[in-house]
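Visitor: Let me give you the structure first, and then I'll get to my questions.
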Amino acid sequence: MESTEKLMLYPYDIQSAPIVRHRNLLPNYSITSLVSPNGWGLTEKDASCACGGDNAYIAVNGNFESSLDSCDTVLFCEHERLLDFKKNIFPKIRKAIEQKKNIICTMPLDEKTVYEINEMCCKNGVYFKYMGYSKNINYPEKLNSSNSVLLDMETPVIFVLGASE
């Protein structure tokens, strides 16, 4: 029987909420902590506050360093809000590697950064899994609150039919 790794998600927001909601699909990982930067309005609340879903029974923390003690692996996830990679995220990746934590990254990174993180992981005896974007695929433009709008409907709604009350 395989043992499960304790997983921490950073930075936690609505983009990573589906990972928490469907954590049963990650049989090799047990989500032990969620860390959201202070000021994002999610700290000290249940994980469900990010998306408004059912209670997840995992509290969102604001302290990255103290949460490192309770995990084996850190998942650096893609996030919706602006956060400077070199100033805010890369130092946390370095800190996690120094504390012998495995790294999984779903953020888009340039090749130089991927190589640098991989080298640090190899030197510290931890693994690095990168699940970023491929240059061979044309991805649709990412929608977020700054570039998505509701459009007015020009066509009138004539009839609405439902199968139940």
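Laboratory data are not the source of any read-out in this text; all were calculated from the coordinates shown. In this text the structure is predicted, and so the values were computed from the model without any measurement. No Cβ is skipped: glycine too gets one built from the backbone with ideal geometry, and neighbour counts run over all protein chains shown.
Visitor: Of His22, His79, how do they rank once you tally other Cβ atoms within 10 Å and put the fewest first?
Guide: His22, His79
Visitor: Hey, what do the phi angles of the range 62-79 turn into as Karplus ³J(HN,Hα) couplings, whole Hz, using 6.51/-1.76/1.60 and θ = phi - 60°, x for Gly and Pro?
Guide: Once rounded to whole Hz, the list reads x, 10, 5, 4, 5, 6, 4, 5, 9, 9, 9, 9, 10, 9, 8, 9, 5, 9.
Visitor: Just the number, please: percent antiparallel of the DSSP beta bridges in the chain, rounded to the nearest 5.
Guide: Antiparallel bridges: around 5 percent, rounded to the nearest 5.
Visitor: Let me know the charge dipole size of the chain about its Cα centre in debye, to the nearest 20, where only the beta-carbon of Lys, Arg (+1) and Asp, Glu (-1) is charged.
Guide: About 640 debye.
Visitor: Lysines within cross-link reach of Lys123: Cα-Cα under 24 Å, excluding same-chain residues under 8 positions apart?
Guide: Lys123 reaches Lys6, Lys86, Lys87, Lys92, Lys95, Lys100, Lys101, Lys112.
Visitor: Let me ask something else. Using only the Cα atoms of the range 1-42, what semi-axes does the equivalent ellipsoid have when each is the square root of 5 times a gyration tensor eigenvalue? Give whole Å, largest first.
Guide: Over the Cα atoms of the range 1-42, the semi-axes work out to 23, 11, 5 Å.
Visitor: Next question. Return the label of the correct value of mean projected area of the Cα convex hull in nm², as calculated from the structure shown, out of [x] 14.9; [y] 11.7; [z] 12.9.
Guide: [x]
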